[in-house]
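Everything below concerns the one structure shown next.
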Amino acid sequence: MKKKHILAIVLTALAALVVLYALFWRETAGQTTVVSLPSPEPAESAPVESAPAEEFASVTADTVQAALSSLSRPASYSRAVTISYFWAGGHSSSELYSWVDGERTKIRIPLGSDYENILVDGEALYIWYDSVPAETYSGPSGGSQEADRWLRCLSYEELLELPSTEIFAASYEQYNGESCIYVEYNSGELGYTNHIYVSASTGLLMRAETYDSTGLIYSMESGAVELSTPQEGVFIPPYLEDAGGEG
């Protein structure tokens, strides 16, 4: 595949991505993909201290923004997330894998017999496929929430900018054994309503649901979070790896 050809494909895919994300990645057909990938061995542990339960025990729609603003995501971690889309008469699901270290996020997405790899590294974006690793796209990153978009996850930080009238409910709840802040709010996007669970100990989104006038159209569920630093090789694009890691 010629470089100009793959660049045109990537640019077209990026344009389509913006439209799809505006619709919360609503799909009209698909199959469930279930895969099991080995996680990179952790280089070192980076435990996160849990916030005191009493700090969030009285969370309400009026106080939830302050509670969320007190959270921060771990500097390094890895996990898998399951993303599902729903439409009349059907749904599809896929499992995405992510590794994070500081400003770097690596995302790996199964595509049939192939895998798409996405690396957001500070201000740069890299995309390549296992089948053609030499044809790596590189370009500028789209901002601080770029990794969330490629992981097809909501960026709950948007809640901090909403007027309190757009927050319908909030509470402190247990979800899958995790102490979480639960919020229902108007996303401001096409009249959608989001329901989210944010871990009070890690600041990570553990579950999200998006509803329109017809019902549930999107969901995200996080697997167990590994609070350790991924190996350095995870964040090296193929063409830099072949050059010994030098830029």
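Annotations
- Against the criterion of being surrounded by 14 or more Cβ atoms within 10 Å (Cβ to Cβ), of a type outside the set (Val, Ile, Thr) and under 21 Å from Pro74 (Cα atoms), Leu216 does not qualify.
- Failed criterion for Leu125 (all others in (1) touching a strand residue (DSSP E or B) at 6+ places or on another chain (Cβ under 6 Å); (2) under 29 Å from Tyr182 (Cβ atoms) hold): (2)
- Filter result for Trp99 (buried (at least 16 other Cβ atoms within 10 Å of the Cβ), modelled with pLDDT of 95 or more and closer than 25 Å to Tyr197 by Cβ): yes
- Scanning the range 111-135 for residues that are part of a strand (DSSP E or B), modelled with pLDDT under 95 and more than 13 Å from Glu146 (Cα to Cα) turns up just one, Leu111.
The values are calculated or read from the model by the stated rules, or taken from the named source; none is laboratory data. Predicted model, so just to flag it, every value in this text is computed and none were measured. Here Cβ is always computed from backbone atoms with ideal geometry, including for glycine, and neighbour counts include all displayed protein chains.
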